[in-house]
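As structure tokens, the structure follows; a few thoughts come after it.
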Amino acid sequence: MAAHENYDGHGAFANPAYVPSRHASTTSIPGEYRKSLDRDEGTESVKSNGSTIKIEANPDAGGYDANGNNLPTQNGSAEFTKAPHRDSWGNDIEFLMSCIALSVGLGNVWRFPFTALDNGGGAFVIPYIIVLFLVGKPVYYMEMLLGQFSSRGSVKVFDFAPIMRGVGYGQVFATGIVTTYYATLMAITLRYFIDSFYPVLPWTYCREEWGSSCFDSKPLSNDFIINMTMSNEAKTSSAEFYFINVILRQKNTIDDGIGYPSWSLALTLAFAWFVIASIIIKGVRSSGKASYFLAVFPYCIMAVLLVRSLTLPGAFDGVLYFLKPQWDKLLDPKVWYAAVTQVFFSLAICFGNIIMYASFNRFGHNIRRDCNIITTLDTFTSMLSGIIIFGILGNLAHESGTTDIKSVVQGGPGLAFISYPDAIAKFKVVPQIFSVLFFLMLFVLGIGSNVGMASCVVTVIKDRFTNAKNWIIVMGVAVVLYACGLLYITPGGQYILNLLDFFGASFVALVLAIFELIAVGWIYGVKRLCKDIYFMLGIKTSWYYRICWSIVTPAVMTAILLYTLVEYKPLEYNGYTYQPGVYIFGWCLSAFGIGQLLFWAIYGVHKRTGATLWERVKNSFKPKSNWGPLDPFILKNYKKYLDDMKVDEMFRPNGFWYRIYDNIFG
């Protein structure tokens, strides 16, 4: 690297990576470099350890910033184009809290314990932790880096390789679908929260119209348990009947249509969207303030539930089942598949949300620290939830007179609304208190995650229509997604949710995640990304991240995709097989989401310059000229930083295998 320009003769060296924005008072880069603008001399003064180093304020600059504004010209003046306006967090803690509220959600409290239950309890925990370090943490850090470095949303961030911009649009499509049905889960949670204030919990007893196959979810006598065990008639809990017949009004088939929305759930859904819209109405300025409550409050309730669950009779047996490893299960590919999908959806990676949140950070923010905190806390929350739930399951097994923990509860999409209410109903002392706390916790967790997903959609629209007022976009998105959400609260709504979850969200996100990893690791390059990290944070990237970004994580995700395709069976819901036309619609939905790759690739090639089509194709794999930090001054120094790096690389080998090695370890 050409260092002579930044050497002051007193042993002080100014790395261009340490030059922060001229609008920032401090920087988090190690060494606390500060700079001041000397307009009379047309130079930048960078102070380091008491020494003052002069750097040209405007050497042969030019070009444009990310919004098309002119960069400083070659006249040697110290006048800089003002950085394009972009909202930012009120402080660094707001970003951390918002990421916690986004990533710590229903995936941890609802999905994780029962995924562990279905995959052998302790047998699932070890693969989960391994996959967290091989997939979850590297991807989370990578998306944080891309967002903060470029200050771009989940679509514009692909300016580093315009041909791959379709990844961003496809992820927004998947995020929009998830947001619509995630809000309906909040609506159902809110309905249960309201029902929890009844003197007698309404799901604890059977109605006459449910027949003799129903049994009360409240604590049962030993004689009743013995009689029920000896009976050949299949029995169903009142909690399940309540969820299916009262809350969902579910049909046995949708061959004759899906029916009309429930008016009560339509009201709770409207309230859920009102809360979401109120939080994001002013962008990160309002959502950042709300993040403190959304991130911290659920842990207060979890602490109460933890104490209560561990004091229940038989709780120890349930916790032991959760934590005791079953080593033979480690060879089962289904366990590893479950671990990857749990990490993938628990951390909300590869949906564009993390990139969007990080894009509002100040340039030098220490995101490596935040990544370690969030991924560790996410795992801790999953384990904490597992201990709480398995403690309750141990109590249910104790009350039922069985040692088989897995037999006392059922899985499926109604876990939070069948198994948990059924468990709460068996509390002998004031179950209403625990019901109110539990469903309030679920509601807050869900709102925290949905705020992030809805903000992602809003940010993409805002980046496209920069002059539109934020509140208009927010209200428009809320109304449209609310209208879509009405589909899920019809009698056939769960059939639609199951269909869209697989074809419109899960499968699309999985395929696009692989293309995102290829785009960053091999098109943009791990080496270039590590240079960006050094420029932005002043730290070198470890081999752990380099190997994961380039080889391990893409390979694991590709293996999961192949496993999904090989093991694919026609999608069903509660034993119901959809009509052929519905499957065609589902695959068309997947094709539309994944097809954004092709559409925007063609558009990207068309927009690139080049004398021939082949030159345009090649140029579309290269970063745009304005790719980099959004602030014009930092962008100018970034370009100079890259030019200095190129000088050092002129005489290196250029063979195929060396280029692969250099991309990973260079």
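Summary table below
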quantity: Residues located in region 211-268, provided they are modelled with pLDDT under 80, of a type outside the set (D, E, K, R), part of a helix (DSSP H, G or I) and open to solvent by 60 Å² or more (accessible area, probe 1.4 Å); calculated: Asn222, Phe224, Ile226, Asn227, Thr229, Met230
quantity: Tally, over region 179-209, of residues that are among the hydroxyl-bearing types (Ser, Thr, Tyr) and assigned to a helix (DSSP H, G or I); calculated: 7
quantity: Which listed residue, of Lys527, Lys531, Lys462, Lys540, is surrounded by fewer than 17 Cβ atoms within 10 Å (Cβ to Cβ) and of a type in the set (D, E, K, R); calculated: Lys540
quantity: Candidates Phe316, Phe322 - the one that is open to solvent by 20 Å² or more (accessible area, probe 1.4 Å) and either hydrophobic (A, V, I, L, M, F, W, C) or farther than 30 Å from Glu94 by Cα (or both); calculated: Phe316
quantity: Single condition Gly176 does not satisfy, out of (1) more than 17 Å from Ile276 (Cα to Cα); (2) at pLDDT 90 or above; calculated: (1)
quantity: Residues of region 617-651 satisfying the condition of being free of Cβ contacts under 8 Å to residues at least 24 places away in the same chain and open to solvent by 80 Å² or more (accessible area, probe 1.4 Å); calculated: Lys618, Asp643, Lys646, Met650, Phe651
quantity: Condition check for Gly446: of a type outside the set (A, V, I, L, M, F, W, C), open to solvent by less than 40 Å² (accessible area, probe 1.4 Å) and under 20 Å from Cys99 (Cα atoms); calculated: yes
quantity: Filter result (of a type in the set (Ser, Thr, Tyr) and either open to solvent by 10 Å² or more (accessible area, probe 1.4 Å) or more than 29 Å from Gly448 (Cα to Cα) (or both)) within region 325-361; calculated: Tyr337, Thr341
quantity: Pick from region 566-598, criterion assigned to a helix (DSSP H, G or I) and of a type in the set (Gly, Ala, Ser), ranking: surrounded by the fewest Cβ atoms within 10 Å (Cβ to Cβ); calculated: Gly581
quantity: Residues within region 604-615 that are open to solvent by 80 Å² or more (accessible area, probe 1.4 Å) and within 15 Å of Met164 (Cα to Cα), tallied; calculated: 2
quantity: Odd one out for Ile664, checked against (1) closer than 25 Å to Ile551 by Cβ; (2) open to solvent by 40 Å² or more (accessible area, probe 1.4 Å); calculated: (2)
quantity: Enumeration of residues in region 77-99 that are at pLDDT below 90, loosely packed, with under 15 Cβ neighbours inside 10 Å and part of a helix (DSSP H, G or I); calculated: none
quantity: Filtered residue count, region 364-383, keeping only those that are open to solvent by 10 Å² or more (accessible area, probe 1.4 Å), modelled with pLDDT of 90 or more and among the hydrophobic types (A, V, I, L, M, F, W, C); calculated: 3
quantity: Filtered residues of region 484-507 (kept if under 18 Å from the mean Cα position of the chain (by Cα) and open to solvent by less than 10 Å² (accessible area, probe 1.4 Å)); calculated: Gly504, Ala505
quantity: Helices (runs of 4 or more DSSP H) contained in region 302-381 and holding at least 2 residues within 22 Å of the chain's Cα centre (by Cα); calculated: 333-346, 353-358
quantity: Residue in region 459-475 that is in contact with a Phe, Trp or Tyr (Cβ under 7 Å, 6 or more places away or on another chain), part of a helix (DSSP H, G or I), in contact (Cβ under 8 Å) with a residue 24 or more places away in the chain and of a type in the set (A, V, I, L, M) present; calculated: no
quantity: Single unsatisfied condition, Lys527 versus (1) modelled with pLDDT of 95 or more; (2) touching an Asp or Glu at 6+ places or on another chain (Cβ under 9 Å); calculated: (1)
quantity: Answer from Ser287, Ser278 - the residue that is open to solvent by 20 Å² or more (accessible area, probe 1.4 Å), more than 18 Å from Ile392 (Cα to Cα), among the small types (Gly, Ala, Ser) and part of a helix (DSSP H, G or I); calculated: Ser278
quantity: Which listed residue, of Ala559, Ala601, is modelled with pLDDT of 90 or more, within 30 Å of Asp501 (Cβ to Cβ), open to solvent by 40 Å² or more (accessible area, probe 1.4 Å) and among the small types (Gly, Ala, Ser); calculated: Ala559
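The values are calculated or read from the model by the stated rules, or taken from the named source; none is laboratory data. Bear in mind the structure is a predicted one, so any value in this text is a computation, not a measurement. Because the Cβ atoms are built from the backbone with ideal geometry, glycine has one as well, and the counts that use them run over all protein chains shown. The area values use the complete protein model at the heavy-atom level, side chains included, leaving out ligands, DNA and RNA. Shrake-Rupley method; radii C 1.70, N 1.55, O 1.52, S 1.80 Å.
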